[in-house]
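S.K.: Below is one structure. I have some questions about it.
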Amino acid sequence: MTWRDKAACRDTDPELFFAFADTADERTAKAICWGHCPVRESCLEEALAAGIDAGIWGGLTEDERRGLRRRRTEAAA
Ligand code: SF4
(Lines give C-alpha, C1' and ligand atoms only; values in the text may rest on other atoms or scores of the structure.)
Protein backbone atom coordinates (compact mmCIF):
# COMPACT_ATOMS: atom_id res chain seq x y z
CA MET A 1 0.00 0.00 0.00
CA THR A 2 1.33 3.46 -0.86
CA TRP A 3 0.14 7.00 -0.19
CA ARG A 4 -1.64 6.86 -3.54
CA ASP A 5 -4.08 4.31 -2.15
CA LYS A 6 -5.31 6.93 0.33
CA ALA A 7 -5.51 9.81 -2.16
CA ALA A 8 -8.72 11.80 -1.95
CA CYS A 9 -8.64 12.20 -5.72
CA ARG A 10 -8.44 8.48 -6.41
CA ASP A 11 -11.99 8.21 -7.66
CA THR A 12 -12.32 11.64 -9.24
CA ASP A 13 -11.95 12.58 -12.88
CA PRO A 14 -8.22 13.18 -13.56
CA GLU A 15 -9.20 15.94 -15.97
CA LEU A 16 -10.08 18.01 -12.93
CA PHE A 17 -6.44 17.95 -11.82
CA PHE A 18 -4.72 18.15 -15.18
CA ALA A 19 -6.86 20.08 -17.63
CA PHE A 20 -8.26 23.28 -16.28
CA ALA A 21 -11.20 24.49 -18.30
CA ASP A 22 -11.44 27.46 -15.95
CA THR A 23 -10.41 28.65 -12.52
CA ALA A 24 -13.49 27.03 -10.98
CA ASP A 25 -12.05 23.63 -11.91
CA GLU A 26 -8.74 24.58 -10.34
CA ARG A 27 -10.48 25.72 -7.16
CA THR A 28 -12.48 22.49 -7.02
CA ALA A 29 -9.36 20.37 -7.39
CA LYS A 30 -7.50 22.35 -4.74
CA ALA A 31 -10.45 22.08 -2.37
CA ILE A 32 -10.19 18.30 -2.58
CA CYS A 33 -6.46 18.42 -1.84
CA TRP A 34 -6.58 20.93 1.00
CA GLY A 35 -9.99 19.97 2.32
CA HIS A 36 -9.72 16.29 3.01
CA CYS A 37 -6.76 14.55 1.43
CA PRO A 38 -4.77 12.68 4.10
CA VAL A 39 -1.71 12.33 1.87
CA ARG A 40 -1.32 15.88 0.58
CA GLU A 41 2.25 16.27 1.89
CA SER A 42 3.40 12.98 0.35
CA CYS A 43 1.80 13.90 -2.95
CA LEU A 44 3.44 17.32 -2.98
CA GLU A 45 6.88 16.00 -2.04
CA GLU A 46 6.77 13.34 -4.74
CA ALA A 47 5.86 15.93 -7.36
CA LEU A 48 8.68 18.20 -6.19
CA ALA A 49 11.23 15.38 -6.07
CA ALA A 50 10.27 14.09 -9.50
CA GLY A 51 10.06 17.56 -11.05
CA ILE A 52 6.53 16.97 -12.22
CA ASP A 53 5.40 20.12 -13.91
CA ALA A 54 1.87 19.34 -15.00
CA GLY A 55 -1.34 19.49 -13.06
CA ILE A 56 -2.19 19.97 -9.42
CA TRP A 57 -0.21 17.89 -6.94
CA GLY A 58 -0.35 18.34 -3.20
CA GLY A 59 -2.78 21.18 -3.60
CA LEU A 60 -0.43 23.33 -5.65
CA THR A 61 -0.44 24.26 -9.32
CA GLU A 62 2.62 23.99 -11.54
CA ASP A 63 3.49 27.65 -10.96
CA GLU A 64 3.02 27.34 -7.22
CA ARG A 65 5.28 24.26 -7.09
CA ARG A 66 7.90 26.07 -9.15
CA GLY A 67 7.77 28.94 -6.67
CA LEU A 68 8.06 26.60 -3.71
CA ARG A 69 11.02 24.79 -5.31
CA ARG A 70 12.73 28.14 -5.93
CA ARG A 71 12.15 29.32 -2.35
CA ARG A 72 13.51 26.05 -0.97
CA THR A 73 16.59 26.28 -3.19
CA GLU A 74 17.19 29.88 -2.13
CA ALA A 75 16.72 29.01 1.54
CA ALA A 76 19.21 26.14 1.25
CA ALA A 77 21.86 28.34 -0.41
S1 SF4 B 1 -3.09 16.11 -2.56
FE2 SF4 B 1 -4.61 16.37 -4.17
S3 SF4 B 1 -3.66 15.56 -6.04
FE4 SF4 B 1 -2.50 14.81 -4.28
S5 SF4 B 1 -3.35 12.83 -3.78
FE6 SF4 B 1 -4.40 14.33 -2.51
S7 SF4 B 1 -6.22 14.92 -3.63
FE8 SF4 B 1 -4.85 13.90 -5.07
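The values are calculated or read from the model by the stated rules, or taken from the named source; none is laboratory data. What you see is a predicted model; the values in this text were computed from it and never measured. When we count neighbours, we look across all protein chains shown, and the Cβ atoms used for this are built from the backbone with ideal geometry, even at glycine.
S.K.: Working only within region 50-59, note down all residues that are within 9 Å of the ligand (Cβ to nearest atom) and among the hydrophobic types (A, V, I, L, M, F, W, C).
M.R.: We begin by selecting, within region 50-59, every residue within 9 Å of the ligand (Cβ to nearest atom); these are 55-59.
Scanning region 50-59 gives I56, W57.
S.K.: Taking the conditions exactly as written (at pLDDT 95 or above, more than 8 Å from the ligand (Cβ to nearest atom) and in contact with an Asp or Glu (Cβ under 8 Å, 6 or more places away or on another chain)), does R70 satisfy them or not? Write out each step before concluding.
M.R.: Details: at pLDDT 95 or above: yes; more than 8 Å from the ligand (Cβ to nearest atom): yes; in contact with an Asp or Glu (Cβ under 8 Å, 6 or more places away or on another chain): no.
Taking the combined requirement at face value, the residue does not satisfy it.
S.K.: Say we look at region 31-41 and pick out the residues that are surrounded by 17 or more Cβ atoms within 10 Å (Cβ to Cβ) and not β-branched (V, I, T); which of these is farthest from L60 (Cα to Cα)?
M.R.: Going through region 31-41, the residues surrounded by 17 or more Cβ atoms within 10 Å (Cβ to Cβ) turn out to be 32-33, 37, 39-40.
Next, only the ones that are not β-branched (V, I, T) stay: 33, 37, 40.
Values: C33: 9, C37: 13, R40: 10 Å.
Only one residue fits best here, namely C37.
S.K.: Here's a follow-up. Name the residues in region 24-49 that are closer than 15 Å to R72 by Cα, hydrophobic (A, V, I, L, M, F, W, C) and more than 10 Å from the ligand (Cβ to nearest atom), would you?
M.R.: Across region 24-49, the qualifying residues are L48, A49.
S.K.: Count, please, the residues in region 13-23 that happen to be within 11 Å of the ligand (Cβ to nearest atom) and surrounded by 14 or more Cβ atoms within 10 Å (Cβ to Cβ).
M.R.: Pass one, region 13-23, residues within 11 Å of the ligand (Cβ to nearest atom): 14, 16-18.
Right, trim to surrounded by 14 or more Cβ atoms within 10 Å (Cβ to Cβ) and you get 16-17.
Number satisfying all stated conditions: 2.
S.K.: Return the residues of region 44-63 that are in a helix (DSSP H, G or I) and either in contact with a helix residue (DSSP H, G or I) (Cβ under 8 Å, 6 or more places away or on another chain) or surrounded by 11 or more Cβ atoms within 10 Å (Cβ to Cβ) (or both); say none if nothing qualifies. Give the derivation first.
M.R.: Pass one, region 44-63, residues in a helix (DSSP H, G or I): 44-50, 62-63.
L44, E45, E46, A47, L48, E62, listed by residue number.
S.K.: Can you give me the number of residues within region 20-43 that are over 12 Å from the mean Cα position of the chain (by Cα), touching a residue at least 12 places away in the same chain (Cβ under 8 Å) and in a loop (DSSP other than H, G, I, E, B)?
M.R.: Result for region 20-43: 1.
S.K.: Going through R70, R10, R66 one at a time, which residue ends up being loosely packed, with under 15 Cβ neighbours inside 10 Å, on the phi < 0 side of the Ramachandran plot, assigned to a helix (DSSP H, G or I) and more than 12 Å from the chain's Cα centre (by Cα)?
M.R.: Values: R10 fails: assigned to a helix (DSSP H, G or I); R66 fails: more than 12 Å from the chain's Cα centre (by Cα).
Just a single option satisfies the conditions, and that option is R70.
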